[in-house]
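Inspection log for the structure reproduced underneath, given as structure tokens.
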Amino acid sequence: MDFLARATAIVGGAMVLLRRFGAPNTVAVGTAPTIPDAKKQGIMTLKMPTAQGWAPGQVPVAAAGLRVNAFATGLQHPRWIEVLPNGDVLVAEALQQASPPKSLMDRATQATMRRARALGISANRISLWRDADGDGVAETREAFLEGQNQPFGMALVDGTFYVGNTDGIVAFPYQDGATRLEGPGRKLVTFKPGGHWTRSLIVSPDRRRIYAGVGSLSNIGDEGMEAEEGRAAIWELDIASGAARIFASGLRNAVGMAWEPVTGALWTVVNERDGLGDETPPDYLTSVQDGGFYGWPYCYWGRTVDDRVPQDAALVARAITPDYALGGHTASLGLCWMPEGTLPGFPDGMVIGQHGSWNRSKLSGYKLIFVPFSGGRPSGPPRDILWGFLSADEKTSYGRPVGVTIGPDKRSLLMADDVGDVIWRVTGV
């Protein structure tokens, strides 16, 4: 497998060099992005840095007026964060697991992902971290919940703790201050596992519903649309009745979700399809309409048809154009609303953890960014909060941003880094 990874790197490097000659000079970002015409890659660009982690004393670079410190270390692929009302910080530790490869390309991809620490044995647990003295560094760690199936999203509502496993939503009784949950839990909703395996959760403002992101199995419905049934969607669970339904669809891989307080709209970040070029199509941030269809797999950024896919003209005609482009293949995953005053110099807006690309000749993402909002809408270009996760030559990653949330003190951000195995804390200087 090491030989295959090296061979893939050599071949992939040659393809990357060839494709850089025709790579676009502009980035598809904002409310009216310039999106280059699609260029079918045939053999997809496969460029992923080798995971190295952070050297002692090394930290990400923070924007002017901000500082960053390690809130928690020694985790095993931390992906998502939930802050409990008492200030305890929960971290979902999970990893993509290999399925049987069906082709040489599958084998090459898996070898590359292992080198990037993006594939392996999943810890399948949620850990609890407590910063009792409030100095911004957790002193205690507990195994809060173990034996899960690639846990990701978490939510607490009225004494019940909900977990978004890859195969569904599970509920556990919870008492304030608990440091460990026991038992198998109660399965409320079943999802198809695998593929884009993450299942983020968010509770509605009235605490009556839970929304869950369920990604597609494949890039563009490669195994047929029957295999994609119930996927590429955001689901809604009515807590009282237990009824679940698809709230919005055509979202290839909607991961982070957040509520925008001015309009009350649900927003999400979506990872778009691969194989059409460095900036085509861009990942995006968008509000989500009940019953809305956002194009996947038939079209992208509104009604731009992907002619690799057998078409459905009626669905294309319904496709909603996203609100804000985030650049091609940035792998924007984490999302939270950040009110003005949380960090000095930042107004209201959305914070986004960009895990970073693999399907482009020049890497993108690998940073924590901020999109300002005004009147319930994006109102300007993105600003970098943290960067420095990637070496200058793009060959090594020290870390990769994933989930982000407001810290217990309401004056900080917490961000999961699944290559550095760290939870970073960002505050004012």
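The values are calculated or read from the model by the stated rules, or taken from the named source; none is laboratory data. Small disclaimer: the values here were computed from a predicted structure and weren't measured. All Cβ positions, glycine included, derive from the backbone under ideal geometry; neighbour counts span all protein chains shown.
Points to keep in mind about this one:
- For segment 202-273, the strands (runs of 3 or more DSSP E) that sit wholly inside it and include 3 or more residues that are at pLDDT 95 or above and under 23 Å from residue 359 (Cβ atoms) are 254-259, 266-270.
- Residue within segment 125-133 that is more than 17 Å from the chain's Cα centre (by Cα), among the basic types (Lys, Arg), assigned to a strand (DSSP E or B) and under 25 Å from residue 68 (Cβ atoms) present: yes
- Where strands (runs of 3 or more DSSP E) sit wholly within segment 157-200, those with at least 1 residues that are among the charged types (D, E, K, R) and modelled with pLDDT of 95 or more occupy 186-190.
- So residue 269, is it crowded, with 23+ Cβ neighbours inside 10 Å and touching a residue at least 60 places away in the same chain (Cβ under 8 Å): yes
- Any chance residue 399 is within 19 Å of residue 270 (Cβ to Cβ), crowded, with 24+ Cβ neighbours inside 10 Å and at pLDDT 95 or above: no
- Subset of segment 34-86 that is among the small types (Gly, Ala, Ser) and part of a strand (DSSP E or B) - its residue that is farthest from residue 407 (Cα to Cα): 51
- Residue ID - surrounded by the fewest Cβ atoms within 10 Å (Cβ to Cβ), chosen from residues in segment 219-245 that are in contact with a Gly (Cβ under 7 Å, 6 or more places away or on another chain) and not polar (S, T, N, Q): 228
- Test: residue in segment 374-390 that is basic (Lys, Arg), farther than 17 Å from residue 256 by Cβ and buried (at least 24 other Cβ atoms within 10 Å of the Cβ): no
- Among residues of segment 87-108 being under 20 Å from residue 402 (Cβ atoms) and of a type outside the set (A, V, I, L, M, F, W, C), the one that is surrounded by the fewest Cβ atoms within 10 Å (Cβ to Cβ) is 97.
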